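Chemist: Dropping the structure in here first, questions after.
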Amino acid sequence: MKENKILVQNKVSWDFIADEWFGSTSLPTYGPTLPKEDTLNLFNLLDNKKVLDIGCGSGHSLLYTAKRGAKELWGLDLSSKQIENARKFLSENNINANLFESPMEENPGIPENYFDFVYSIYAFGWTTDLKQSIDLVHKYLKKSGVFIFSWDNPLMQCIEAEGNKYTISKSYLDEATIDLTKGNQAMKLKNWKLSSYINELASAGFKIDKLIEETDKDILTQEHDFTLKYYSKHKAKLINTSFIIKAIKL
Ligand SMILES: C[S@@+](CC[C@H](N)C(=O)[O-])C[C@H]1O[C@@H](n2cnc3c(N)ncnc32)[C@H](O)[C@@H]1O
């Protein structure tokens, strides 16, 4: 399937399931099993900063950055329903934001050399064109601006779990396009390798400040749990189920 067909299909599906994901993965949470921003403090100071949220979903991360003092809030999301939910949620909280319904693979009118922070909480890996999406983030940022994003450990899509036994059932190396179904809605996801993220960031003109491959320490001390197979605590004690990259525009 061609990239634009994938975007069309993914948009229909995200529109359909948007309400189920209301506020589900948002700052200070970076993603399932990851340490939170309260512990990591990757943003340092947000006072008077201009921020752009890629894949802003229902707008909960934008509210978080506003509460920490961000001055200008911008966001984009592929899904019209997510943008509608974000507009409503932010206006109920008396927050102004410039929101765009757009794939991250395009610039819908976002200023360049403008932002102190561009971030993406569990959304960036949905890109169908990693190079284009990273190049755009680089353009949006001011010099020395910061890009922070969290995503699934790409190895996770290659592992099958049966209780506490794990098998590598798919190739990590071929960056396969994976069929995902969420709430009976078909979606397709290209499983970019960690090295592809890092190499594309470097070629775009970023310096990697941090790569975080950790499991939250509370989870490490909790009882094993085999019930939720994909993000089980047992698995999260063996590998990081997610990662975060913090990169600086040179
Ligand atoms: C797990 S949700 C992220 C939630 C969000 N970070 C929050 O704070 O609520 C993933 C989001 O990525 C969006 N998305 C998927 N593919 C996208 C694309 N190609 N461009 C922009 N957004 C996309 C989806 O519509 C969805 O809102």
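Chemist: Quick check on LYS81: is it open to solvent by 20 Å² or more (accessible area, probe 1.4 Å), within 9 Å of the ligand (Cβ to nearest atom), outside any strand (DSSP E or B) and under 25 Å from SER24 (Cα atoms)?
Modeler: Answer is yes for this residue.
Chemist: If GLU223 passes every condition in (1) in contact with a helix residue (DSSP H, G or I) (Cβ under 9 Å, 6 or more places away or on another chain); (2) touching a residue at least 24 places away in the same chain (Cβ under 8 Å); (3) open to solvent by 20 Å² or more (accessible area, probe 1.4 Å) but one, which one does it miss?
Modeler: All conditions pass for GLU223, except number (2).
Chemist: Restricting to segment 14-29, and then to whatever is open to solvent by 70 Å² or more (accessible area, probe 1.4 Å) and either of a type in the set (Ser, Thr, Tyr) or farther than 16 Å from SER120 by Cβ (or both), can you tell me which residue is nearest to the chain's Cα centre (by Cα)?
Modeler: So the residue we want is PHE22.
Chemist: Anything in segment 40-64 that is free of Cβ contacts under 8 Å to residues at least 40 places away in the same chain, part of a helix (DSSP H, G or I) and open to solvent by 10 Å² or more (accessible area, probe 1.4 Å)? List them, or say none.
Modeler: HIS60, LEU63, TYR64
Chemist: Same structure again: Among the residues of segment 153-198, how many are of a type in the set (S, T, N, Q), outside any helix (DSSP H, G or I), closer than 28 Å to ASN4 by Cβ and open to solvent by 40 Å² or more (accessible area, probe 1.4 Å)?
Modeler: 4
The values are calculated or read from the model by the stated rules, or taken from the named source; none is laboratory data. All figures in this text were calculated on a predicted structure; none of them were measured in a lab. Glycine gets a Cβ as well: all are built from the backbone with ideal geometry, and neighbour counts include every protein chain shown. SASA here: full protein model, heavy atoms, side chains in, ligands and nucleic acids out. Shrake-Rupley method; radii C 1.70, N 1.55, O 1.52, S 1.80 Å.
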